[in-house]
Amino acid sequence: MSKNLTSRAEDYSKWYNELVVKADLAENSAVRGCMVIKPYGYAIWEKMQAELDRMFKETGHQNAYFPLFVPKSLFEAEEKNAEGFAKECAVVTHYRLQNNPDSPGKLQVDPEAKLEEELVVRPTSEAIIWNTYRGWIQSYRDLPILINQWANVVRWEMRTRLFLRTAEFLWQEGHTAHATKAEALAEARLMNQVYADFAENFMAIPVIQGVKTESERFAGAEETFCIEALMQDGKALQAGTSHFLGQNFAKAFDVKFTNNEGKLDHVWATSWGVSTRLVGALIMTHSDDKGLVLPPNLAPIHVVIVPIHKTDAQLEEIGVVVKNLTSQFKKKGISFKYDDRTTHRPGAKFAQYELQGVPLRIAIGPKDLENKTVELARRDTLSKENIPLEGLVEKIDDLLVEIQDTLFKKALDFRNSHITEVDTFEEFKTVLETKTGFVSAHWDGTPATEDKIKELTKATIRCIPLDQQKEVGSCVFSGKTSNGRVLFAKAY
C-alpha cells in the first residue's frame, strides 16, 4: 500500500492526493469539484467537531441552524460581502423540472417555473443570519447572541483539491451580536484563541496568530484575526479565521437595539469559522512517505491489535487475552480495533494501519502468549519493542500522550526553523525559491506594495503577527519606512 505512494520529495502534491485516496479518507465525486468524505475521513472530522463543539459551548455559545438558500436581495444587502463572494456563488433560478417532450425519459428545466427572486446557495451565512437577528434583538437585554452552526457551504471552485479546496465543504460558522465594540472585538480575539488552542493541543500543529492585511481581510469585516500554519513543503495554510464585523451587517439589515441609556444604536458583530480544510492541514503537517501520521487526540483508532496465528485454536487463545486488554482500554477511554479477519494476512494489516496512521499497533502471536508479552509498534517513529502484558495498558496510555507531544514538538521545530528574517528583496526571493517557509520582512503598509510582491513572487502576507515587535526599518520592496515585520509565504 504505502510502497505505491509517491514520495514527498518527488512530488508533494501528488503524494498528498494519493494519500487521501489510498488511506480511504475521501474521493472525488460525480459532481465536479465536490468530494465524498469516506467513513475513516469523516471519523477524523467528527473528532474535530466534538472537541471544537465542546470548546464553543464552554465559551457560552449555542448551536442553531439557518437555511441553505439566501435570497439574492438579502445577499447583496452588505455590499462588500456580496462583491467579495459574487464570483463564487451557485444560484438557484427555477423550482421545478418537467419531462422533456423531445427526449422521452429525460428531464428539462420547466421554463414556467422561474423563481421570482434568485436564491444564492450560501457561501457564508452572514446575510440570512443578520436578517433573522433583526427580529430577535430589540434591547440590550437581548444581547449578546452567541450562535454557532455546523453546516455545508458552496463556493464555486474550478481548481479543487480534496479537503483543501472543494466547491462544497463542511464547516462551522459562529455569528455573534454584541452591545459594544469592545465586546465584539474581545469575542473575535477569544475565538481566534480557541482555534489556536485547538490546533496546538489537538491537531499538534503550531500556529501563528495574527491579523490579515486590508486586501486579505474577509469581505465585509473591519478586522480579520487568523491562525497560520506551515506545511511540510514550506507553504502556509490558513487554518482558521475570526472576523470583527463592526456594525456593517447591523446597518445593512437595520439591526438596532435600545442600549442601557435608552438610546437606539446598531449592534456590533463577529463571525468565525474553520472547515474540513483542517483535515488537509493534519495530513500535510505530520504524515510521511509511508502514509498518515495522526496525533492521538484526533485519531479515530488509538491502537490496533493484530493476532498472529496459524490455527483457530491459537486465534481463540489470543482472543481471550485481547478481551481482557480491551476491557481495560474502555475504562481508560482508549479507542481500539481488534482486526481478527482471516481473509487478510498480518503483513497486509500492518501495511493498512501504517497507511492510515493508527498511532499504536499491537501484534500477539503464540510465542507472545507463552512469554506474556506483545510486540508494540509506534507509527510516528516506526519503532517496535516487546512489552510485558502486565502494565501494558498504562504504558499505552502514557505513550499516547508522548506521541501527541512529540508530533507537536517536531512540527514546532520545523516551523521555527522555517521563519527567516530578510532585509532585501533579493534575499526575499532566494528564501522563497530555496528554503521556503515564512519570510519575516518589513512592509510599508500599502496594498500597492503587497500586490506587487504577490505578482512577482506569488507570496502573500499571511498575517501581521499579534506579537509583532515594533521595529523601525525599511520595506523589503519599496524601501519606505516600516514599523515592524510581517510574515510572507506562498500558501494553499
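The values are calculated or read from the model by the stated rules, or taken from the named source; none is laboratory data. The shown structure was predicted, so the numbers you read here are calculated from the model rather than taken from an experiment. Note: ideal-geometry Cβ built from the backbone for every residue, glycine included; neighbour counts use all protein chains shown. Surface areas here come from the heavy atoms of the whole protein model, side chains and all, with no ligands, DNA or RNA. Shrake-Rupley method; radii C 1.70, N 1.55, O 1.52, S 1.80 Å.
Here are the numbers for the structure shown:
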| read-out | value |
| --- | --- |
| Single residue of the stretch 364-391 satisfying the filter (touching a helix residue (DSSP H, G or I) at 6+ places or on another chain (Cβ under 7 Å) and crowded, with 19+ Cβ neighbours inside 10 Å) that is farthest from Val304 (Cα to Cα) | Asp380 |
| Number of the condition not met by Gly246 [criteria: (1) more than 29 Å from Met35 (Cα to Cα); (2) touching a strand residue (DSSP E or B) at 6+ places or on another chain (Cβ under 6 Å); (3) not aliphatic (A, V, I, L, M)] | (2) |
| Glu112 acidic (Asp, Glu) and either open to solvent by less than 70 Å² (accessible area, probe 1.4 Å) or assigned to a helix (DSSP H, G or I) (or both) | yes |
| Test for Phe438: is it over 30 Å from Val304 (Cα atoms), touching a residue at least 40 places away in the same chain (Cβ under 8 Å), of a type outside the set (Ser, Thr, Tyr) and surrounded by 18 or more Cβ atoms within 10 Å (Cβ to Cβ) | yes |
| Matching residues in the stretch 443-466 - criterion: being without any contact (Cβ under 8 Å) to a residue 60 or more places away in the chain and either open to solvent by 20 Å² or more (accessible area, probe 1.4 Å) or over 29 Å from the mean Cα position of the chain (by Cα) (or both) | Trp443, Asp444, Gly445, Thr446, Ala448, Thr449, Lys452, Lys454, Glu455, Leu456, Lys458 |
| Residue within the stretch 48-57 that is in a helix (DSSP H, G or I), under 30 Å from Ile283 (Cα atoms), among the polar types (S, T, N, Q) and in contact (Cβ under 8 Å) with a residue 60 or more places away in the chain present | yes |
| Hey, Lys80 open to solvent by 50 Å² or more (accessible area, probe 1.4 Å), outside any loop (DSSP other than H, G, I, E, B) and modelled with pLDDT under 95 or not | yes |
| Residues of the stretch 421-431 satisfying the condition of being open to solvent by 10 Å² or more (accessible area, probe 1.4 Å) and of a type outside the set (D, E, K, R) | Thr424, Phe425, Thr430, Val431 |
| Check on Leu107, of a type in the set (A, V, I, L, M), open to solvent by 100 Å² or more (accessible area, probe 1.4 Å) and in contact with a strand residue (DSSP E or B) (Cβ under 8 Å, 6 or more places away or on another chain) | yes |
| Ile318 vs. criteria in contact with a helix residue (DSSP H, G or I) (Cβ under 6 Å, 6 or more places away or on another chain) and among the β-branched types (Val, Ile, Thr) | no |
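One line per residue, one yes/no per condition, for (1) closer than 26 Å to Lys410 by Cα; (2) open to solvent by less than 10 Å² (accessible area, probe 1.4 Å); (3) not in a strand (DSSP E or B); (4) not basic (Lys, Arg):
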site: Ala199; (1), (2), (3), (4): yes, yes, yes, yes
site: Ala204; (1), (2), (3), (4): yes, yes, yes, yes
site: Gln209; (1), (2), (3), (4): yes, no, no, yes
site: Phe218; (1), (2), (3), (4): no, no, yes, yes
site: Ala229; (1), (2), (3), (4): yes, yes, no, yes
site: Asp233; (1), (2), (3), (4): yes, no, yes, yes
site: Thr241; (1), (2), (3), (4): yes, no, no, yes
site: Leu245; (1), (2), (3), (4): no, yes, no, yes
site: Phe249; (1), (2), (3), (4): no, yes, yes, yes
